[in-house]
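The values are calculated or read from the model by the stated rules, or taken from the named source; none is laboratory data. Because the structure is a prediction, the values reported are computed rather than measured. Don't worry about glycine lacking a Cβ; one is built from the backbone with ideal geometry, like all the others, and counts go over all protein chains shown. Heavy atoms of the whole protein, side chains included, go into the accessibility calculation; ligands, DNA and RNA do not. Shrake-Rupley method; radii C 1.70, N 1.55, O 1.52, S 1.80 Å.
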Amino acid sequence: MSAGLSALAAREIRALEPYRPGLAEADRTGGSRPAIRLASNENPLGCGPAARHALARAGEPWRYPDGNGTALKAALAERLDVAPEQLTLGAGSNEVLLLIAQALVRPGLEVVYSRYAFIVYHSIACITGGTPVEAPARGRAHDPAALRAAVTPRTRLLYIANPNNPTGTWMQAAALRELLASLPAHVVSVIDEAYCEYLQGTQGYPDCVSWLADFPRLVVTRTFSKIHGLAGLRIGYAVSHPELAELMNRVRQPFNVNCVALSAACAALRDDAHLARSLELNRRGTAQWRAALDRLGVAAVCGGGNFIFLELGRPARPVYESMREAGVLVRPLEEYGLPAALRVTVGRAAENARCLEALEQALSRRPAGTG
Ligand SMILES: *Cc1c(COP(=O)(O)O)cnc(C)c1O
């Protein structure tokens with residue numbers, strides 16, 4: 001029963017669709033959780049032993065956490081070869097992505113991102129009262145020329161996910177650098193590197209943190225949710241010019257990152273063995289997927305992150321439903337305007353095999369309305 005409260009919300013909030021997490025639909029099936037969950041790009045190994053150990057010992061939860069995240073910032077600064085003053089911590093990198101906009105965007109200012117870009121950028125633009133501006137894509141990939149052309153005197157923020165979720169595409173170092181160098185002084189660029197650990201060392205993949213000295217209006221965001229396996233704890237960070245970090249610190253809530261997350265993240269950061277194991281599992285899993293998709297004749301982007309973007313060439317919803325009935329949960333992408341695509345997390349070998357089996361079976365059913 002409506003109490004008319006929606007009418008009280010700002011127009012841009014009324015127009016927003018709430019984010020649909022990959023798990024929500026499973027939870028609504030009445031408790032029978034699918035056995036295989038490859039919908040949210042989590043690390044199939046979970047977090048490593050160091051983080052687990054830290055979790056078991058995580059301090060005094062009745063005390064407020066260190067609101068500055070001093071220990072984690074020191075560890076990150078050393079790893080990344082930056083100053084602690086360049087770091088901003090958030091409850092997931094999603095919060096950091098929002099903090100940047102809260103500091104910089106006001107009604108009348110524009111937020112640019114590409115078609116098929118991570119959907120959070122759109123909602124952040126709306127929440128902060130800015131005008132979302134979607135640049136056309138080239139195929140499924142970001143188009144640097146189109147992004148540049150979308151920049152106007154009112155543009156304040158540009159978001160680029162590298163690689164992009166859900167499409168798996170990424171921008172080469174040269175093209176990205178050229179784009180950043182071409183931007184006017186009133187535009188801050190955010191490079192969202194949620195999956196960078198999986199691609200580091202790949203020919204042409206940029207490490208944008210090393211560019212910060214050249215580009216003062218660049219912000220790089222990263223997360224502990226993906227390769228570090230701490231998605232449930234909600235912790236991520238931004239690396240930027242200290243002046244920008246200081247602005248973000250003004251809009252940040254005092255204790256936005258909890259003490260358990262801080263302590264587990266510190267431990268995860270040092271656990272190189274777990275990172276190596278996770279990388280290796282992902283490399284093998286991606287090869288497994290690639291070979292099977294070739295055999296099935298399914299077009300896909302295996303972009304090097306821990307997920308695969310499938311282009312089915314037919315409505316994906318029935319395929320998704322059929323896979324879910326088989327106990328395998330993947331991610332449909334209608335809200336991205338991609339009704340014929342699915343996103344699948346690369347899991348352990350047995351999970352991939354079951355997922356592929358469910359996919360093959362679903363694809364063997366004729367799409368409704370044909371024949
Ligand atoms: C998963 C993901 C994030 C990270 O979200 P958290 O809030 O850190 O869990 C950010 N950007 C992209 C593109 C992602 O896929």
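The table for this structure:
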read-out	value
Point-to-point label distance, Ala15-Arg79, nm (Cα→Cβ direction, 7 Å offset)	3.9 nm
About the Cα centre, charge dipole magnitude for the stretch 165-302 (Lys/Arg +1, Asp/Glu -1 at Cβ), debye	380 debye
Charge dipole magnitude, Cβ of K and R +1, D and E -1 - the chain, Cα centre, debye nearest 20	660 debye
Förster-model FRET efficiency, 22 Å R0, Arg284 and Gln203, C-beta, rounded to 0.05	0.65
Charge context of Ala15, other residues only, Cβ under 15 angstrom, K/R +1, D/E -1	-2
Anisotropy class of the stretch 243-363 from Cα gyration tensor, a/c 1.5 cut	prolate
FRET efficiency, 1/(1 + (r/R0)^6) with R0 41 Å, evaluated for Ala7 and Leu45 via beta carbons	0.30
Test item: Cα-centred dipole of the stretch 113-209, Lys/Arg +1 and Asp/Glu -1 on Cβ, debye	340 debye
For peptides 232-242, 324-334, sequence by mean Cβ density within 10 Å, most packed first	232-242, 324-334
Asp207, Asp214, reordered so the largest accessible area comes first (probe 1.4 Å)	Asp214, Asp207
In sequence order, calculated HN-Hα J values of the stretch 301-313 (Karplus, 6.51, -1.76, 1.60; Hz; x Gly/Pro)	10, 9, x, x, x, 9, 8, 10, 9, 9, 10, 7, x
Mean Cβ count within 10 Å, highest first, over the residues of peptides 223-231, 43-51	223-231, 43-51
Interchain or long-range residues, amide H under 5 Å from Leu157's placed H	Glu110, Val112, Val188
Amide H contacts of Thr223 (H built 1.01 Å from N, under 5 Å, at least 5 apart or other chain)	Tyr237
Mean shadow area of the chain, taken as a quarter of the surface of its Cα convex hull (nm²)	20.4 nm²
Extension gain, Ala213 back to Gln172 (0.36 nm per residue minus Cα-Cα distance, nm)	12.8 nm
Net lengthening on full extension, Ala146/Arg57 (0.36 nm per residue, minus Cα-Cα)	27.1 nm
Separation of the Glu360 and Arg154 label points, Cα + 7 Å toward Cβ, nm	5.3 nm
Cβ-based charge dipole, the chain, positive-most Cα from Thr155, Leu363, Pro21	Leu363
Ranked by how many other beta carbons lie within 10 Å on average, peptides 193-199, 249-255, 171-177 from highest	193-199, 171-177, 249-255
Local net charge near Arg217, Cβ-Cβ under 13 Å (Lys/Arg +1, Asp/Glu -1)	-1
Local electrostatic count, Gly46, Cβ distance below 15 Å [Lys/Arg +1, Asp/Glu -1]	+2
Estimated 222 nm signal from helices in the chain, with DSSP H stretches of n ≥ 4 weighted -39500 (n - 2.57), rounded to 500	-11000 deg cm²/dmol
